[in-house]
Amino acid sequence: MGTVYLARSGGGRVVALKTMHARIASDPVFRTRFRLETEAARVIGPVHGARVFDADPAAETPWLATEYVLGPTLDEAVELTGPLPETAVRALGARLCAALTQLHRSGVVHRDLKPSNIMLTADGPKVIDFGIARALGDDRLTRTGAAAGTPAYMSPEQATGQEHTSAGDVFALAAVLTLAAAGHGPFGSGQAADLLYRVRYAEPDLTGVPAGLLPALSRCLAKDAAERPPVEQLAAELAPPAGDFAEQLPAVLLMETVRRSAAVWSVTPHRLPPPADRPEDVAARGATAPAAPSRRRLLALGGGSLLGAAALAAGVHYWPGKDASTGKSPGPGKGPAWDMRWQAQADYGIDPQVPSAPHLLENLVVIAKDANFLQALDPKSGKPRWEDQDLHQFPQSATDGRRLLAIEYPFEETDPLVVRTVNLTDGKFGERVGDLPDLQGRHRQNQLLGVAGGTLYVVGGDGPVSPSAFRKDQSWSLVALGLDTGRPRWTVPLPARPDGSTRLHFLTAEVRGAYLVLVQQAADGGLTLSVRDTGTGRLLWDRPLGGKQPPFVRARFAVDDRHVYTTSDGLAAWRLGDGAQAWRFDRGQPGAGQSPPTVADDVVYVAEQGRGVLAVGARDGALRWAEKGRTDTRIALAVEPAVGPEHLYSASTSGLVATRRSDGRSSRPFKAAAGRYFPHQRAGLLVALGDAYAAGFPLL
């Protein structure tokens, strides 16, 4: 609905300044929502929310200025540290209960409580963004049957467009606390339609939630709003520990707050010129008349300076490596050209259940847009070449680097699973390359795991089609489809899934010579690393993947011709042929989290929390070097290092850092939003992918 800027007044006050997009500022409905957002922000107050300094919802460009909250959002915190300790979750929940109580007693419901709307500070959580909040019982801004909110954290009644009361906020709060406690939401991730279905009909997935929190969260996630406890009762059941909120937080989160506090003052303000008067306004009031009050108040509040380099979300992302006014980079002087080549803004939401890498073809970068269909970008300019909704889900596509293949979504539920090529010029389906008559093409849980050596590895189902979840009366198989004949080379049955399960069978897969390496997911969320013979499908070995990191992080591995490398329980190498442990790296810091690994040229790279990148010999597990000169060691644990010709790229909470592969010397940071990064060797490009952007950097 608007753009949020970091603004600084002439007296040095730092504020978050939200302005409404010009294209909707004339819409009475959106202006009313903006006014209600302002009122709700005032209602929650400075203890549980961001202090409101000033606002003018009636201005030509409505605006709202609030305290700039120094701290990460809850989802950023979980990505940084993994699930929070139980004591921290109890303290967090109790304070959020107090925030909701403040709202509900004033007759306001939030309606969009989610991790990205909760900021963690040393004093406690602060609830922000009341863009769809409204008064209890007031449905004037929501059509009957329309759902407004964030699907993964909606209440069942909100998902069907019905009245969202205070009980709906309790449901959302329990979903938020599940993420904090377990590292995942109670209804998974994926397309909006799938999420809405699970919210309405599926049982919540509380795997990983501490036993002491299960009873309270289970009651709050009841489908029937009448069965949920009031927020005051939930606060009492959470029984938060005594002491300050900061005492319950992991040290790395407190360090992140300190870093953000310092970073606010490290950005040079880009002062905007005074607004130009329109000729007709000058003629009407005289050349010396003052500017319109609302505009003057807006500029006075920000001192005429908007820190475009710190422009925040609401659909707009600014890359701090560029000057806010000119779009040019201040530049590093001598040295490589570090600047971003291009960026594209859209909903490229990364599905944490299956965080697929983009398909990197010679002249295309193919990514998932809107978590539904494929979009092809020009690797040189980032401009869209095509996008097509016929291809449906990203996990149902694969590439060998030359061709793009996808499952054709059929008209009838009983139609067989058919694989076709995708025309690289327009995204339309091309020739038919494979038929699996014993499987059905309309199962949303079908997967294309990868293609290598003329074989496509397919997961397919047979039985009644369900809109989004598995059914116990379905049967599932892993199939090696020969692309030369279009027929199966071998088929292996897979375990049945219970009714309502949404966990896909495989999270990651890679072929290395005669070995198919897989991370298989059980119905209860347990992960198994397994290796199969590509010629017969025979299971050669498997082992469980434990650890405290979220499943989508633990599931990622690296593989070369000798070993599979994992970091779920610390960096270790497993022999590809028989699964025996070849070595375990024992020079890591005790208790420090590690990113997924990457291997290149006989070296395994892993980023370690509080330390930076480590280079380890792939054959013997010996430390080659530990990164030197890195200033930000708060590692984004969900992001594996990316390897370029001369540099290694790893992510921290402040962006991307380039490190020389030769000696481990940190070169300089890219000021890029956190996401995942993928080297496109043939295009000389580092592809950055986040929830709302894709971008290309030079791969050096």
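The values are calculated or read from the model by the stated rules, or taken from the named source; none is laboratory data. Keep in mind the model is a prediction, meaning the values are calculated, not measured. Cβ placement follows ideal geometry from the backbone for every residue including glycine, while neighbour counts extend to all protein chains displayed.
Can you name the strands (runs of 3 or more DSSP E) wholly within the range 544-608 that have at least 3 residues being within 19 Å of VAL517 (Cα to Cα)? First the steps, then the outcome.
On the way: elements: 563-566, 572-575, 581-584, 598-600, 603-608.
In the range 544-608, 563-566, 572-575, 581-584, 598-600 are the strands (runs of 3 or more DSSP E) which contain 3 or more residues that are within 19 Å of VAL517 (Cα to Cα).
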Only listed residue being under 24 Å from GLU79 (Cα atoms) and of a type in the set (Gly, Ala, Ser), chosen from ALA246, ALA235 = ALA246
Would you call ALA694 buried (at least 20 other Cβ atoms within 10 Å of the Cβ), in contact with a helix residue (DSSP H, G or I) (Cβ under 6 Å, 6 or more places away or on another chain) and at pLDDT below 85?
-> no
Of the residues that sit in the range 388-403 and are farther than 18 Å from SER189 by Cβ and modelled with pLDDT under 70, which one is surrounded by the most Cβ atoms within 10 Å (Cβ to Cβ)?
-> LEU391
Every listed condition ((1) outside any strand (DSSP E or B); (2) closer than 21 Å to ALA357 by Cβ) holds for ARG471 save (2)
For the range 409-431, what are the residues that are in contact with an Asp or Glu (Cβ under 8 Å, 6 or more places away or on another chain) and not hydrophobic (A, V, I, L, M, F, W, C)?
-> TYR409, PRO416, ARG420, THR421, ASP426, GLY427, LYS428
For the range 35-51, does any single residue satisfy the condition of being over 28 Å from VAL252 (Cα atoms), surrounded by fewer than 18 Cβ atoms within 10 Å (Cβ to Cβ), of a type in the set (Val, Ile, Thr) and modelled with pLDDT of 80 or more?
-> no
What number goes with the only condition from (1) within 21 Å of THR502 (Cα to Cα); (2) surrounded by fewer than 22 Cβ atoms within 10 Å (Cβ to Cβ); (3) modelled with pLDDT of 90 or more; (4) of a type outside the set (Lys, Arg) that LEU439 does not pass?
-> (2)
Can you spot a residue in the range 63-79 that is in a helix (DSSP H, G or I), surrounded by 21 or more Cβ atoms within 10 Å (Cβ to Cβ) and of a type in the set (D, E, K, R)?
-> yes
Does the range 75-87 contain any residue that is of a type in the set (A, V, I, L, M, F, W, C) and farther than 29 Å from GLY612 by Cβ?
-> no
Given (1) at pLDDT 50 or above; (2) surrounded by 16 or more Cβ atoms within 10 Å (Cβ to Cβ); (3) more than 21 Å from the chain's Cα centre (by Cα); (4) charged (D, E, K, R), where does ASP129 come up short, assuming only one miss?
-> (3)
Residue count for the range 608-631, restricted to those that are touching a residue at least 60 places away in the same chain (Cβ under 8 Å) and within 21 Å of the chain's Cα centre (by Cα) | 1
Residue that is in a strand (DSSP E or B), at pLDDT 95 or above, touching a strand residue (DSSP E or B) at 6+ places or on another chain (Cβ under 9 Å) and surrounded by fewer than 20 Cβ atoms within 10 Å (Cβ to Cβ), where the choices are VAL492, VAL419 = VAL492
Could you tell me which of the residues ALA16, ALA58 is outside any helix (DSSP H, G or I) and over 30 Å from GLY690 (Cα atoms)?
-> ALA58
With the checklist (1) more than 20 Å from the chain's Cα centre (by Cα); (2) of a type in the set (A, V, I, L, M, F, W, C); (3) in a loop (DSSP other than H, G, I, E, B) in hand, flag the one item PHE187 doesn't pass.
-> (1)
Of the residues ALA174, ALA226, ALA222, which is crowded, with 17+ Cβ neighbours inside 10 Å, assigned to a helix (DSSP H, G or I) and modelled with pLDDT of 85 or more?
-> ALA174
Collect the residues in the range 620-643 that are crowded, with 22+ Cβ neighbours inside 10 Å and more than 21 Å from LEU70 (Cβ to Cβ), keeping them in residue-number order.
-> GLU627, LEU637, ALA638, VAL639, GLU640, PRO641, ALA642
Taking the range 577-600 and keeping only residues that are within 30 Å of the chain's Cα centre (by Cα) and either surrounded by fewer than 13 Cβ atoms within 10 Å (Cβ to Cβ) or among the hydroxyl-bearing types (Ser, Thr, Tyr) (or both), one is left with GLN589, PRO590, GLY591, SER595, THR598
Counting just the residues of the range 674-689 that are outside any strand (DSSP E or B) and more than 14 Å from TRP342 (Cα to Cα), which one comes out modelled with the lowest pLDDT?
-> ALA674
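Consider the range 623-639. How many of its residues are outside any loop (DSSP other than H, G, I, E, B) and in contact with a Ser or Thr (Cβ under 7 Å, 6 or more places away or on another chain)?
Number of matching residues: 2.
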Evaluate the range 85-94: report whether one residue or more is in a loop (DSSP other than H, G, I, E, B), at pLDDT 85 or above, assigned by TED's automatic domain parsing to the domain that holds PRO210 and not small (Gly, Ala, Ser).
-> yes
Across the range 190-219, which residue is surrounded by the most Cβ atoms within 10 Å (Cβ to Cβ) among those that are part of a loop (DSSP other than H, G, I, E, B) and without any contact (Cβ under 8 Å) to a residue 40 or more places away in the chain?
-> VAL209
Does ALA514 qualify as being of a type in the set (A, V, I, L, M, F, W, C) and in contact with a strand residue (DSSP E or B) (Cβ under 6 Å, 6 or more places away or on another chain)?
-> no
